[in-house]
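The values are calculated or read from the model by the stated rules, or taken from the named source; none is laboratory data. Treat the numbers as computed from the prediction; the structure is a model and nothing was measured. Backbone-built Cβ (ideal geometry, glycine too); neighbour counts: all protein chains shown. Protein only, heavy atoms only, side chains kept; ligands, DNA and RNA dropped before computing areas. Shrake-Rupley method; radii C 1.70, N 1.55, O 1.52, S 1.80 Å.
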Amino acid sequence: MRDMTQSAKLHRQRREGDGLPVVFLNSLAADLGMWDEVLAGLPGRAALTWDMRGHGRSPMTRESGAPEVSAQDLANDVLDLMQAEGIDRAVLCGLSLGGLVAMAAAEIAPDRVAGLVLANTAVDFPPASMWQDRRHTALDEGMAGLAEATLTRWLTERFRASHPERSAQILRMIAATSPEGYAACCAALAGGDGKAALRDFVGPVLVVAGAHDVSTPVARAQEIADLAQAAELVTLDAAHLSSVEAGEAFASHLDAFLWRVERGRG
């Protein structure tokens with residue numbers, strides 16, 4: 001039996017509601033607040049959001065594991081968290097790193113994953129050297145050196161101009177991320193590969209792309225759709241953080257997907 005110590009330390013917010021639960025998995029350098037717009041568009045839906053190791057209010061301590069973590073480590077975290085919360089089966093909705101972790105979870109425990117929503121993500125994230133560079137920047141200089149550049153990749157200039165308060169919140173969220181937690185999770189992106197997991201997963205898959213996403217462009221989303229056995233691809237008018245920039249549209253597509261999954265039409 002796995003040690004549940006780590007899952008007990010993970011900050012989470014459980015929302016009771018109807019239907020098949022949705023478990024949301026965050027991007028690197030984000031906390032559970034990145035799903036606020038999507039949750040607002042799913043009133044009454046059972047949901048679980050959480051902060052991964054070293055992000056938001058979840059600690060990154062020696063007890064959390066090695067200084068580097070893999071996508072499989074984080075996938076086991078979410079599966080343990082589901083067990084602790086009494087969620088036997090759910091749809092996993094992950095963005096960027098969260099998408100890679102969702103694929104790993106589906107490979108580890110396919111019977112517990114009713115469907116996958118893979119947003120602004122990819123089956124792998126080369127080159128590994130880029131993540132090593134960002135890891136060293138975080139550890140040597142702190143998150144301040146990464147926050148502004150990250151924000152410009154995550155949100156379009158148009159959104160930042162029209163939504164300055166929300167953009168400032170996202171910037172603070174990035175800057176507040178633990179450098180140790182960020183650095184540890186960079187390893188998951190450097191070494192992660194979801195191709196085999198995606199090919200083997202027999203459940204329904206919704207792939208969400210951002211039309212203005214330079215980090216994981218539409219071509220990478222199409223790669224996911226082509227590999228999966230049963231996938232639908234939608235493209236939103238957003239950059240990388242589509243859950244914020246196009247939250248209403250994201251929620252609408254997610255709601256329709258959940259309806260199909262629950263009725264066996266995914």
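Worth pointing out:
- Local net charge near M52, Cβ-Cβ under 14 Å (Lys/Arg +1, Asp/Glu -1): -3
- Labels on offer are (1) 25, 22, 18; (2) 31, 22, 19; (3) 34, 20, 19, and the one holding semi-axes √(5λ) of the Cα gyration tensor in Å computed from this structure is (1).
- Centre-to-centre separation between the Cα atoms of the stretch 84-123 and those of the stretch 17-54: 12 Å.
- Computed from point charges on the beta carbon alone (+1 for Lys and Arg, -1 for Asp and Glu), the dipole magnitude for the chain about its Cα centre is near 240 Debye.
- Computed lengthening from R14 to A196, 0.36 nm per intervening residue step minus Cα-Cα distance: 62.4 nm
- Of the solvent-accessible surface of the stretch 1-141, computed with a 1.4 Å probe and all protein chains present, 48% belongs to carbon and sulfur.
- Normalised contact order of the chain, rounded percent, pairs of Cα under 8 Å and 6 or more residues apart: 23
- Measuring nothing but how far apart in sequence close Cα pairs (under 8 Å, 6+ apart) lie, relative to its length, the stretch 120-215 scores a relative contact order of 50 percent.
- Applied to the stretch 136-149, the Karplus parametrisation 6.51 cos²θ - 1.76 cosθ + 1.60 on θ = phi - 60° returns per-residue 3J(HN,Hα) values of 5, 4, 4, 6, 8, 10, x, 6, 4, x, 10, 5, 5, 5 Hz, with x for Gly and Pro.
- Whole-percent carbon and sulfur share, accessible surface of the stretch 162-249, 1.4 Å: 53
- Average accessible surface area per residue within the stretch 167-247, 1.4 Å rolling probe, Å²: 35
- Net charge of neighbours whose Cβ lies under 13 Å from the Cβ of R153, counting Lys and Arg as +1 and Asp and Glu as -1: -2
- Each Lys or Arg adds one and each Asp or Glu takes one away; over the other residues whose Cβ falls under 10 Å from the Cβ of S242, this sums to -4.
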